[in-house]
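First up is the structure itself, then whatever we jot down about it.
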Amino acid sequence: MAITFGKGSLLLLLTLVATLAISQAETIIVGGSEGWRYGYDYNDWAAKHGPFYINDTLVFKYPPPSDTVRPHNVYLLPNLYSFLNCDFRGATLLAGPNQGEGYGFSYVLTEVRPNYFASGEGNGDDCKKGMMKFVAIPFYRLYP
Ligand SMILES: *[C@@H]1O[C@H](CO)[C@@H](O)[C@H](O)[C@H]1NC(C)=O
C-alpha cells in the first residue's frame, strides 16, 4: 500500500503546528471567575482545569482587605506534608494581601515539580477551612 501526501496534507500539518505553537504557554486565572477566595474548592478546580504545562502563568486575583473583605495571600508550601496540614513553617510568601488587585498576582510555572499553593491568612484558616490550596504539577508539552 502506498501512502501519498498531497499538498492538502502538508497544509493541514503546517496549520496544526502553527496552532500548537501559539497555544504553547497559557495564562490561567486561578478559580476562573471566582478568583482566589475563601470557600471555593481549589483542589477540585485544579483537578478539572489541569494538566498544567511548563511556562503557563497562574494569576491569583483577590481584592485588597477592607471592612467587608477579608485578606488573602499566596504562599508556596515546601512539601506534601505542609500542604496536607496547612503548615506554613518554611513556606515562601509569594504575594501579600494587597498584591491580588487589578491584573492580579502572576506566577509562572517554570519547573517540573509539585507547586503547593495556599493562602495563609486567618492564622491558616484560609487553607484549613477555606479550601484555599491546590497543587500544580506542570508537564512539558509534547511538541516544541
Ligand atoms: C520557558 O520559557 C523560557 C523563557 O522564555 C524558555 O527559555 C524555555 O525554553 C521555556 N520552556 C518551555 C518548555 O517552553
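The values are calculated or read from the model by the stated rules, or taken from the named source; none is laboratory data. Keep in mind the model is a prediction, meaning the values are calculated, not measured. As a convention, Cβ positions derive from the backbone with ideal geometry for all residues, glycine included, and neighbour counts pool all protein chains shown. Heavy atoms of the whole protein, side chains included, go into the accessibility calculation; ligands, DNA and RNA do not. Shrake-Rupley method; radii C 1.70, N 1.55, O 1.52, S 1.80 Å.
Of note:
- Selected residue (criterion: nearest to the ligand (Cβ to nearest atom)) from residues of the range 108-121 that are of a type outside the set (A, V, I, L, M) and open to solvent by less than 40 Å² (accessible area, probe 1.4 Å): Asn115
- When residues in the range 110-144 are screened for being in a loop (DSSP other than H, G, I, E, B) and farther than 19 Å from Asp44 by Cβ, 14 of them pass.
- Just one of the numbered conditions (1) outside any loop (DSSP other than H, G, I, E, B); (2) free of Cβ contacts under 8 Å to residues at least 24 places away in the same chain; (3) within 20 Å of Thr27 (Cβ to Cβ) is not true of Gly102: (1).
- In the range 53-86, residue nearest to the ligand (Cβ to nearest atom) [restricted to those that are assigned to a loop (DSSP other than H, G, I, E, B) and open to solvent by less than 30 Å² (accessible area, probe 1.4 Å)]: Ile54
- Once the range 1-25 is narrowed to residues that are open to solvent by less than 80 Å² (accessible area, probe 1.4 Å) and part of a loop (DSSP other than H, G, I, E, B), the residue that is modelled with the highest pLDDT is Ala25.
- For the range 30-41, the tally of residues that are closer than 13 Å to Val74 by Cα and open to solvent by less than 60 Å² (accessible area, probe 1.4 Å) stands at 3.
- Filtered by the rule that a residue be open to solvent by less than 30 Å² (accessible area, probe 1.4 Å) and within 16 Å of the ligand (Cβ to nearest atom), the range 42-52 gives a lone residue, Phe52.
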